[in-house]
Amino acid sequence: MASITLNHLVKKYGDGFPAVNDVSIDIADGEFLILVGPSGCGKSTLLRMIVGLEDITSGDLLINGQRVNEKEPRERNLSMVFQNYALYPHLTVYENIAFPLRLSKGKFSDEEIDRKVRAAASTLDLDEHLERKPANLSGGQRQRVAMGRAIVRDADAFLFDEPLSNLDAKLRGQMRTEIAQLQRRMGITSVYVTHDQTEAMTLGDRVAVLKKGILQQIASPRELYEQP
Ligand code: ADP
Ligand code: ADP
């Protein structure tokens, strides 16, 4: 578990207007923070800076109070869930979930991997599907496998990049409820990018609104809803 502090974060690509412009947010341990804003406002860039896929131009990023600007993504121990699932089509559900554990070579025994994969699958109601390949799963099940891969690692935080945007409306509603329950049950710090109003207003503890790279507002859904 982790607190994440964004301290005057700036990202410039080339000479243009900064994609992320002096953003400061304290994300508490266990908090569910939603990032919203129009396309191109810098949501993905900010998420990628946190996870370590994008260099920070200036400012500081702290995880549990420690500066991690120069740390490799692997060392940050954060789990990212993407909108396109990024599952391996040739691997079974079991092996897709086990993948991050197998990457950290030698760290986990086969027994530990088996126990962790089965626990994650059980949490996500995937026990029956462990031997299937992604092509034989529904969209919602695939999304759960992607979640499984995130939770199996005991990461300090989850970062979601519009994880439900490829699902139909019914499934999106269902997965929204599942993610909210999972996050509360696990109490794990989460940053969730969306441009879906309902997700923004129902999922998070706080909503951060970005516009042209600038943090416009940060408030609870209730405060945002009640303001004139
Ligand atoms: P969002 O996720 O809110 O749609 P992005 O973070 O993808 O926004 O993009 C923010 C701004 O940065 C946009 O103007 C986009 O064109 C620009 N941008 C994003 N990635 C790159 C890149 N690799 N090179 C140059 N400009 C980029
Ligand atoms: P999304 O809005 O879903 O994040 P985009 O289509 O904006 O996806 O970006 C897809 C990829 O292209 C990302 O890796 C992003 O960093 C990169 N990108 C976005 N805008 C630009 C840009 N103006 N120049 C170069 N790369 C960009």
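The values are calculated or read from the model by the stated rules, or taken from the named source; none is laboratory data. Here the structure is a predicted model, which is why all the values come from computation and not from measurement. Here Cβ is always computed from backbone atoms with ideal geometry, including for glycine, and neighbour counts include all displayed protein chains. These area figures cover heavy atoms from the full protein model, side chains too; ligands, DNA and RNA do not enter into them. Shrake-Rupley method; radii C 1.70, N 1.55, O 1.52, S 1.80 Å.
The table that follows gives values for the structure above.
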quantity	calculated
Subset of the range 27-48 (residues that are in contact with a Leu (Cβ under 8 Å, 6 or more places away or on another chain) and more than 14 Å from Tyr192 (Cα to Cα))	Cys41
Matching residues in the range 1-14 - criterion: being open to solvent by 50 Å² or more (accessible area, probe 1.4 Å) and in a strand (DSSP E or B)	Asn7, His8
Set Ser39, Ser79, Ser24: member being in contact with a Phe, Trp or Tyr (Cβ under 8 Å, 6 or more places away or on another chain) and either surrounded by fewer than 20 Cβ atoms within 10 Å (Cβ to Cβ) or part of a strand (DSSP E or B) (or both)	Ser79
Phe17 vs. criteria surrounded by fewer than 18 Cβ atoms within 10 Å (Cβ to Cβ), closer than 29 Å to Val145 by Cβ and within 16 Å of ligand 1 (Cβ to nearest atom)	no
Answer from Leu91, Leu46, Leu87 - the residue that is within 16 Å of ligand 1 (Cβ to nearest atom), touching a residue at least 24 places away in the same chain (Cβ under 8 Å) and either more than 23 Å from Ile179 (Cα to Cα) or open to solvent by less than 80 Å² (accessible area, probe 1.4 Å) (or both)	Leu46
Some residue of the range 63-70 being within 22 Å of Val152 (Cβ to Cβ), more than 13 Å from ligand 2 (Cβ to nearest atom) and in contact with a Gly (Cβ under 6 Å, 6 or more places away or on another chain)	no
Residues being under 23 Å from Pro73 (Cβ atoms), in contact with a Lys or Arg (Cβ under 9 Å, 6 or more places away or on another chain) and either surrounded by 17 or more Cβ atoms within 10 Å (Cβ to Cβ) or not small (Gly, Ala, Ser) (or both) - total across the range 103-133	5
Search result, residues across the range 25-44 that are over 14 Å from the mean Cα position of the chain (by Cα), away from ligand 2 (no atom under 16 Å from the Cβ) and more than 17 Å from Leu9 (Cβ to Cβ)	Ala28, Asp29
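Matching residues to (1) in contact (Cβ under 8 Å) with a residue 60 or more places away in the chain; (2) under 18 Å from the mean Cα position of the chain (by Cα); (3) more than 12 Å from Phe32 (Cβ to Cβ):
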{"residue": "Asn136", "(1), (2), (3)": "no, no, yes"}
{"residue": "Ala155", "(1), (2), (3)": "yes, yes, yes"}
{"residue": "Gln183", "(1), (2), (3)": "yes, yes, no"}
{"residue": "Gly187", "(1), (2), (3)": "yes, yes, no"}
{"residue": "Lys211", "(1), (2), (3)": "yes, no, yes"}
